[in-house]
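Step one of this worksheet: look at the structure below.
The values are calculated or read from the model by the stated rules, or taken from the named source; none is laboratory data. Since this is a predicted model, take the numbers as computed values, not measurements. Methodologically, a virtual Cβ is constructed for each residue, glycine included, from the backbone with ideal geometry; neighbour enumeration extends over all protein chains shown. What goes into the accessible areas is simple: the full protein's heavy atoms, side chains included, and nothing from ligands, DNA or RNA. Shrake-Rupley method; radii C 1.70, N 1.55, O 1.52, S 1.80 Å.
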Amino acid sequence: MITLKSYAGGEWRSGKGKGRLLHHAVTGEEIATCGSEGLDFNGMLEWGRTKGGSRLRSMTFPERATLLKTMAATLNENLPEFHEIAASYGATRRDAMLDVEGGIAALGFYASLGGKTLPASTFLTDGEIARLSKPGNFVGRHIYVPLEGVAVQINAYNFPSWGMLEKLAPSLLAGMPSIVKPATPTAWLAFRMVEVLIASGVMPEGTLQLICGSIGDLLDHLTCQDVVSFTGSASTGRKIRSHPNIVKNAVRVNIETDSLNCIILGPDITAGSPGLAHFTEEVFKEMTIKAGQKCTAIRRLLVPKETEQAVIDDLKQRLGALRVGDPAVSGVGMGPLVDQAAVESARRGIEALSREAEIVFGDPNRTQFEGAGTERGFFMEPILLRSKDADRAESAHEIEVFGPVATLMAYRDVEQAIRLARRGGGSLVASVHSEDEDFIRRMTFGLAPYHGRLMMINAKAAPESTGHGVVMPHLVHGGPGRAGGGEELGGLRSVHHYMQRIALQGDPERLEKLCAPAAGE
Ligand code: NAP
């Protein structure tokens, strides 16, 4: 049994008491304990602010970029071990690559952004000089400076590596130290990655700390210079957003929560066409990659009434050929959910969905799966539902079943399809499959205010598409409303999130001197 320790104030510390137990998702075996009781959370913040913050702020963007590059190289040396740990939460090889290599790629992206496009300076200038007086001796200009607090980064269980690294990369590049708080069920991978980084000596003192276990009273000690970046359920997001100290100090918060993402099939794509195969292949991938435990996974399928049956038949064939079980068994395409609580929560969600929809594929109570020792694992086979009446359905537009579960809804016309998509109340991503430019235009502007990303697939884009659920660091990750109202990645924008934008006003020569790239401020 492993004890997952926290890295606080430059030392590895175990929590007092027993902590929470982590289980192997495939076999149900107890593998680790994780607890943070007794940590000095305020001390961690202070240590980060004083040691890590001052060090990072004295580094230029290319120097911070080199740090990210070195972190990526260090982590890359340990890939086999990280994949082994990912197997403990049920990842197939493909799932583990999305999480581990995907996270390292985000570090690489920001290393390249910082190294190639940002100045050898400790702050950034923004936009043009604004002339504010007729003679021209009084002008204004914006600059971005790093905040002087700590970035507190709270992550969901489904991406212990990617979730951590995609937040760390922009905050370190901005010049802010981090305290990382992985979700307990999969904290082992984040723990080991931080352990590798600290042991290698690559992290300047105070720039990276880790909490394994609960966050304790840390939020009570945040100031206006700290930032909270949260990924997880909508209910935890609400607690953080409304935390009295966060409200009192207007602490900057970014919230990424759940999402009822949809995929829409255009009326021009007919049964038996290659376009329909692209569509069902995408749905199949989204239902089964990481056993559907992806915030961007497709939860709702909107298809024209005429092609509804063809879509169901095709999906039943694909899902029927899938082997579910221990990913270590050759040919197994989908592993388990993370723990028993996740299975029970998914079953409850399916039961609620079933009141307004019929299950057309899968048995939520199936107990036999491939591989020795899987009887005590946390498995669920893919479940496809068909809504009885898309307009009247409530639960399909409200309940996120965080597993391999999706609901198909038939629509009559473009207006209804847009209305149904928007009933998700704000989503991370939607996909539209069509060759019809007029349909695409109407869908784009009908869906845009409600989504963070929109993927448009036709025969030209399909073969090169990175996929509905794959988040690219160049592009926005986030969405309005139910999706949390936050924004991550998207290039430089997420670096700005950890900096203060300030308008400087004064005489032009003075501003020119002040805004010239400066190192080691
Ligand atoms: P969760 O239960 O809300 O937990 C998320 C994180 O918050 C965990 O680290 C958890 O720690 C921590 N936490 C719990 N209570 C807290 C509190 N009172 N104050 C501060 N932190 C607290 O979510 P989850 O079950 O890990 O993740 C699944 C959810 O995340 C799904 O709804 C999914 O859609 C969403 N998600 C969204 C995105 C996105 O980018 N939008 C990405 C991935 C996942 P403990 O584990 O120690 O309790």
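Brief remarks follow.
- FRET efficiency, Arg348 to Val145 (Cβ-Cβ, R0 30 Å, nearest 0.05): 0.05
- The residues packed around Asp40, meaning those with a beta-carbon under 13 Å from its beta-carbon, carry a net charge of -3 if Lys and Arg are +1 and Asp and Glu are -1.
- Hz values of 3J(HN,Hα) by residue in the range 225-230 - Karplus curve (6.51, -1.76, 1.60), Gly and Pro given as x: 8, 8, 9, 10, 10, 10
- Alpha carbon centroid spacing (whole Å) that separates the range 110-153 from the range 401-437: 40
- Loop-located trypsin sites (Lys or Arg not before Pro) in the range 311-359 (DSSP state not H, G, I, E or B) with no more than 12 neighbouring Cβ atoms inside 10 Å: Arg355.
- Bridges between two residues of the chain, per DSSP, are antiparallel at a rate of about 40%.
- Within straight-line reach of Lys5, meaning a Cα separation under 24 Å, sit the following lysines at least 8 residues removed in sequence or on another chain: Lys16, Lys18, Lys51, Lys167, Lys181.
- Simple point charges give the picture: +1 on the Cβ of Lys and Arg, -1 on the Cβ of Asp and Glu, and for the range 374-470 a dipole about the Cα centre of about 140 debye.
- Charge dipole (debye, nearest 20) of the chain; +1 at Cβ of Lys and Arg, -1 at Cβ of Asp and Glu: 1120
- Among the GluC sites (Glu not before Pro) in the range 37-99, those placed in a DSSP loop whose Cβ has at most 11 other Cβ atoms within 10 Å are Glu77.
- Counting only protein heavy atoms and a probe of 1.4 Å, the accessible surface of the chain is 51% carbon and sulfur.
- Distance from the range 188-253 to the range 438-512 (C-alpha centre basis), Å: 24
- Here the dipole of the range 307-397 is about 100 debye; that uses its Cα centre as origin and unit charges on the Cβ of Lys and Arg (positive) and Asp and Glu (negative).
- Farthest towards the positive end of the charge dipole of the chain, among the residues Met44, Tyr450, Asn76, is the Cα of Met44, using unit charges on the Cβ of Lys, Arg, Asp and Glu.
- Put the Cα centre of the range 4-35 next to the Cα centre of the range 37-83 and the gap is 21 Å.
- Average accessible surface for the chain: 40 Å² per residue, computed with a 1.4 Å probe over protein heavy atoms with every protein chain in place.
- Amide H within-cut-off set for Val228, under 5 Å, with H built and near neighbours excluded: Val152, Arg252, Val253, Asn254
- By the rule of a C-alpha distance below 29 Å, with chain neighbours fewer than 8 residues away ignored, the lysines paired with Lys134 are Lys513.
- Within the shell of other residues whose beta carbon sits under 10 angstrom from the beta carbon of Pro170, the net charge comes to 0, with Lys and Arg scored +1 and Asp and Glu -1.
- Applying 1/(1 + (r/R0)^6) with R0 = 25 Å to the Cβ-Cβ distance of Gln340 and Asp217 gives a FRET efficiency near 0.30.
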